[in-house]
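Readers should treat all values here as calculations from the given coordinates under stated rules, not as data from a laboratory. Predicted model only: the values in this text are computed from it and were never measured. Cβ placement follows ideal geometry from the backbone for every residue including glycine, while neighbour counts extend to all protein chains displayed.
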Amino acid sequence: MQEESIVDVARTLKPLIVEQRNAGEKRARLMPEVVEAVGKAGFFRLFAPQEVGGLEVSLTDAFAATVEISSADPAVGWYMVNSMGACMMSAKLPEEQRNTLFAEPDRNFGFSAVALARAKPTEGGFLLNGSWPVVTGCEDSKWCALMGMATDGEGIRMLNGRPDVRFFLVPTAELKISQTWQNAAAMRGTGSNQADAENLFVPDVMAVSPADELVINRPVFRTSGIVTLPIFAAVAIGVLKGALESATTEIKAKVSSMTGKALKDQVETQIAVADADAAMRAILAGCLAATRQVDARFAVDEALSDEEKAAVYASGFYAGDVARQVISNLYTKGSRAAFMQGHALERSLANIHAIISAIDARRSLHHASGGILLGNKPTEPGW
């Protein structure tokens, strides 16, 4: 790991990931050998504190590595992205609890930012009740970070004028996991099954609030949103990269049954491939330019300006939207084989729509970025 960049390591893992992808989709959960290899390489702790074996890589390297991994299988990239939340939260934990969380450092983390659960305060902590319908990789995880709202006698408890929303770090073994992902049409390999908790006691220290102070106070942990959210766009770009690689390989070998011409000689197909390649390089370059500015600020422990944050968020949302549009175009310009279930382009089309649907939950940051660039003051919570 010290001699190779994290991006180089990602490339070396791609053959294994590609080889096991179909088996993982049939299983509706990543194959054990993939989880083990990716975990051992450190991809589930890219932003975990160094004190527990975390890599704390640059945002730019994490982004580029996620693109590479996701081009082989976005389900693996989704495991990585969903592990980042717990890694970042661990910087707010005392040493004992932090070490407990990473007792098995190569494990992925389950994650859900859906605040459907309720947490009733009790002596020393909370009693957690609720369901989280989609928790990626939960069966392979040892711990899950699950969002919920603290209550009081009259309903939702307020903190600084807002609902007291927390992430509850809970052992996966104490949750009820229901097999709900077998019939998923997209991102099947993510094993995003339902998790339920019933009167699950969570100690105060493992109920992490945005208002909690950092125990490990370094730039990457002070600005967690600007670090984790853009990586979702890296998964989307990875899907586009994989779709383009698949499409070009197939198109080179196909002949149209209608025209008798090789697909690679048809002008419309050539334009579609050229546009897809240009779009992928453009959105990747734009995102990396924005992440490099973040890394430059972190290196000298300087705060990001609102405009710099806007550049990161806007680049990420734009990249996802472009990837979705371009994959849809490749799908229509490819061969008829792409209409068959299980075809690489058919899979990419379903996956990119699922990914953007997840990203849309934070679309307000996209709007806010435009407002910042127009001279408005940030009003988005957590900006």
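Miscellaneous remarks
- Long pairs among Lys40/Lys264; Lys14/Lys264; Lys14/Lys92, criterion Cα-Cα beyond 32 Å: Lys40/Lys264; Lys14/Lys92
- Overall form of the range 46-196 per C-alpha gyration tensor (a/c, 1.5; a/b vs b/c): oblate
- C-alpha long axis of helix 306-333 to longest principal axis of the chain, angle in °: 40 degrees
- Per the Debye formula on identical point scatterers at the alpha carbon atoms of the range 218-258, with no solvent, log10 I(q)/I(0) at q = 0.17, 0.19, 0.24, 0.35 Å⁻¹ is -0.61, -0.67, -0.80, -1.03.
- Per-selection metrics, the range 223-373 (Cα): Rg and Dmax in Å: 17.9, 61
- Checking every one of the GluC sites (Glu not before Pro) in the range 262-317 against DSSP loop status and a limit of 15 other Cβ atoms within 10 Å picks out Glu302.
- Helical runs (DSSP H, four residues minimum) scored at -39500 (n - 2.57) apiece and divided by the length of the chain put the mean residue ellipticity at 222 nm at -16500 deg cm²/dmol.
- Fraction in percent of alpha-carbon pairs per bin - 20 Å, the chain: 28, 57, 14, 1
- Rg/Rh (Cα only; Kirkwood hydrodynamic radius) as it applies to the range 341-382: 1.28
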